[in-house]
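Since the structure comes first, as structure tokens, the remarks are kept for the end.
Nothing in this text is a laboratory measurement; each read-out follows from the coordinates by a stated rule. Just so we're clear, the structure is a prediction, and the values are computed from it rather than from any experiment. Neighbour counts run over all protein chains shown; Cβ positions are idealised from the backbone, glycine included.
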Amino acid sequence: MSHHDKLAEKMEFPPATPQPNIYPLSWESHTQKLEEVWDSAQREVWDPAKLPWDTFDPSSYSWEEREAIAYWWTLLSVFDASAPPVFAEALIKTYEVHEEDPVRRCFFSVTRDEQNHEQLCGMSITRLLEASSPLDYEPKTDLGKRLQRNAHWLYYNGGRYWDGYKHAVPKYPLAVLFSSFLMGEIAAATIFHQMAANTREPVFKEAFRNVGRDEGRHMAICMAVMERDYPGLKDDPEQKAIITKQIRAGYLFLSAVLFEPPEEFWDLPSDFIDTQREAEEVCRQAGFGVPTYEAKKENWRNAMLNLKGVLDKYDIPFPAIPEVGISGEEVLEVDMDEIIPVF
């Protein structure tokens with residue numbers, strides 16, 4: 001109908017709202033675990049600005065150390081600075097498909113948490129570099145110049161991912177989305193707890209503890225929804241196949257922050273990894289606890305095995321992850337334009 005048509009005088013009730021649409025709303029609640037997670041999210045809200053920044057003196061580090069540590073935060077921000085809009089997009093979807101009320105509230109809490117994580121990245125980077133952007137500041141060392149080049153390439157690849165994510169989210173049901181979300185949360189919770197244990201700077205230790213707690217809560221949200229929805233995939237091999245492919249895509253995408261970026265998936269210069277490894281060693285020597293290559297590999301392997309244990313309960317094939325020694329179903333091709341994992 002045209003926007004000039006008036007229906008209220010012609011019928012007792014209006015026609016059904018075309019879907020997907022945020023209307024009509026309802027406030028059903030069926031999953032008690034999600035109510036509990038929401039309650040914990042309300043109790044555990046924290047403010048990055050209230051961390052003990054007064055104890056942090058960037059000038060106590062050399063410029064090479066400052067640029068190396070800032071690079072790690074920059075690498076994290078490729079994922080965490082994208083997370084607020086990524087989860088906001090998923091939050092909108094929970095309204096459009098009329099999810100139960102605690103799912104919507106929990107996804108709001110994740111979006112809020114990720115905004116904190118983005119702010120944490122920004123506060124760390126700007127203090128270390130005395131500049132508003134790691135892409136625009138003037139590097140002080142040769143390593144800093146090479147790391148800034150790395151950062152430009154990371155953000156280029158992140159932009160490609162965002163275009164794909166916007167295209168993919170409307171296509172997939174929440175059951176598929178949550179498998180991808182869970183993958184990032186399992187691994188993230190591990191790495192932030194390790195960073196908290198191995199970093200000596202008080203403000204960063206406290207920040208990592210807070211972020212690790214957030215990621216653990218996000219993992220609980222994903223688990224609750226999967227336990228609710230996955231039994232319904234028993235006779236749906238098509239959806240199971242999509243989940244298998246998305247897990248492989250998630251490994252390839254998230255490896256950039258949790259392990260090392262696979263060259264066949266990420267478009268990066270040939271010296272990218274060597275430069276990053278050099279910076280990570282500078283970080284560790286400065287007391288900033290970036291895990292070693294072997295530790296990251298073991299973290300990723302354990303995270304994948306944990307996720308495999310979840311999917312095995314629902315007879316969902318797990319993809320082969322040969323990079324960390326996990327066998328499974330071969331996924332031969334992953335399209336950057338259709339991946340949905342987040343961190």
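Cross-link partners among lysines for K33, C-alpha distance below 20 Å, same-chain residues fewer than 8 apart left out?
Counting by Cα, and skipping residues close in sequence, K33 has these lysines nearby: K313.
If R₀ is 22 angstrom, what is the calculated FRET efficiency for the pair D142 and E294, using the beta carbon separation as r and rounding to 0.05?
Efficiency for this residue pair is about 0.20.
So how far, in whole Å, is the C-alpha centre of the stretch 62-104 from the one of the stretch 212-254?
About 18 Å separates the Cα centre of the stretch 62-104 from the one of the stretch 212-254.
Could you give the length gained by full extension between Q285 and N302, i.e. 0.36 nm per residue of separation minus their alpha carbon distance, to one decimal place?
Details: separation 17, 0.36 × 17 = 6.12 nm, distance 2.61 nm.
3.5 nm is the gain from fully extending Q285 to N302.
Simple spin-label model, 7 Å along Cα-to-Cβ: A8 to W63 in nm?
According to this spin-label approximation, the distance is 6.8 nm.
Run lengths n ≥ 4 of DSSP H only: what is the helix-derived mean residue ellipticity at 222 nm for the chain, with -39500 (n - 2.57) per run over all residues, to the nearest 500?
Result for the chain, helices only: -21000 deg cm²/dmol.
Hey, any idea what the orientation-averaged projected area of the convex hull of the stretch 20-118's Cα atoms comes to, in nm²?
Numbers: hull surface 32.0 nm².
It is 8.0 nm².
Grab the eigenvalues of the alpha-carbon gyration tensor for the stretch 127-218, scale each by 5, take roots, and send me the semi-axes largest first in whole angstrom.
Three semi-axes, in Å: 29, 23, 10.
At 7 Å along the Cα-to-beta-carbon direction for both S40 and T17, put a label point, then send me their distance in nm to one decimal.
3.2
Most fluctuating residue of P48, P24, P170 in a GNM of the chain with Cα springs under 10 Å: which is it?
Of P48, P24, P170, the Gaussian network model singles out P24 as fluctuating most.
Give the dimensionless ratio obtained when the Cα radius of gyration of the stretch 214-343 is divided by 2.2 N^0.38 Å.
Numbers: Rg = 16.4 Å, N = 130, 2.2 N^0.38 = 14.0 Å.
Taking the Cα Rg and dividing by 2.2 N^0.38 Å, one obtains 1.17.
So for the chain, taking the charge dipole from beta-carbon charges (+1 Lys/Arg, -1 Asp/Glu), which of A68, F108, A241 sits furthest toward the positive end?
The Cα lying farthest towards the positive end belongs to F108.
Tell me the relative contact order for the stretch 146-226 as a rounded percent, counting alpha carbon contacts under 8 Å between residues six or more apart.
Numbers: 47 pairs, mean separation 25.9, N = 81.
Over the stretch 146-226, the number comes to 32 percent.
Could you size up the charge dipole of the stretch 46-160 around its Cα centre, putting +1 on the beta carbon of Lys and Arg and -1 on that of Asp and Glu, and report it in debye to the nearest 20?
Roughly 260 debye, rounded to the nearest 20.
Kirkwood Rh over alpha-carbon pairs of the stretch 151-198, then Stokes-Einstein at 20 °C and 1.002 mPa s: what D in µm² s⁻¹, rounded to an integer?
Values: Rh = 12.9 Å.
Answer from the Stokes-Einstein relation: 166 µm²/s.
Over the C-alpha atoms of the stretch 207-278, what are the Rg and the largest Cα-to-Cα span, Dmax, in Å?
17.0, 49
What are the trypsin sites (Lys or Arg not before Pro) within the stretch 1-109 that DSSP puts in a loop, where the Cβ has at most 13 other Cβ atoms within 10 Å?
K6, K10
For the pairs K240/K297; K145/K166; K50/K205, flag any whose C-alpha to C-alpha distance is greater than 21 Å.
Details: K240/K297 26 Å; K145/K166 32 Å; K50/K205 14 Å.
Table pairs above 21 Å Cα-Cα are K240/K297; K145/K166.
Taking H as built 1.01 Å from N, whose amide H comes closer than 5 Å to the amide H of I326, not counting residues under 5 places away?
I321
State the percent of C-alpha pairs, over all pairs in the chain, separated by a distance greater than 25 angstrom.
Pairs farther apart than 25 Å: 55 percent.
Mind computing the radius of gyration and Dmax over the alpha-carbon atoms of the stretch 1-64? Å is fine for both.
Calculated on Cα positions, Rg and Dmax stand at 26.2, 76 Å.
If you take the charge dipole of the stretch 133-216 about its Cα centre, with +1 on Lys and Arg Cβ and -1 on Asp and Glu Cβ, which of A207, L154, G184 is farthest toward its positive end?
Among A207, L154, G184, the one farthest towards the positive end of the dipole of the stretch 133-216 is L154.
Using a basic spin-label model with each label point 7 Å from the Cα along Cα→Cβ, how many nm lie between K234 and A88?
Here the modelled spin labels are 4.1 nm apart.
Relative contact order, percent, of the stretch 139-294 when contacts are C-alpha pairs under 8 Å separated by at least 6 residues?
Details: 122 pairs, mean separation 52.9, N = 156.
The normalised contact order for the stretch 139-294 reaches 34 percent.
From the phi of every residue in the stretch 244-258, what ³J(HN,Hα) in whole Hz does the Karplus formula 6.51 cos²θ - 1.76 cosθ + 1.60 yield, where θ is phi - 60° and glycine or proline is x?
Karplus values, whole Hz, x for Gly and Pro: 4, 5, 5, 5, 4, 4, x, 4, 5, 6, 6, 4, 4, 9, 9.
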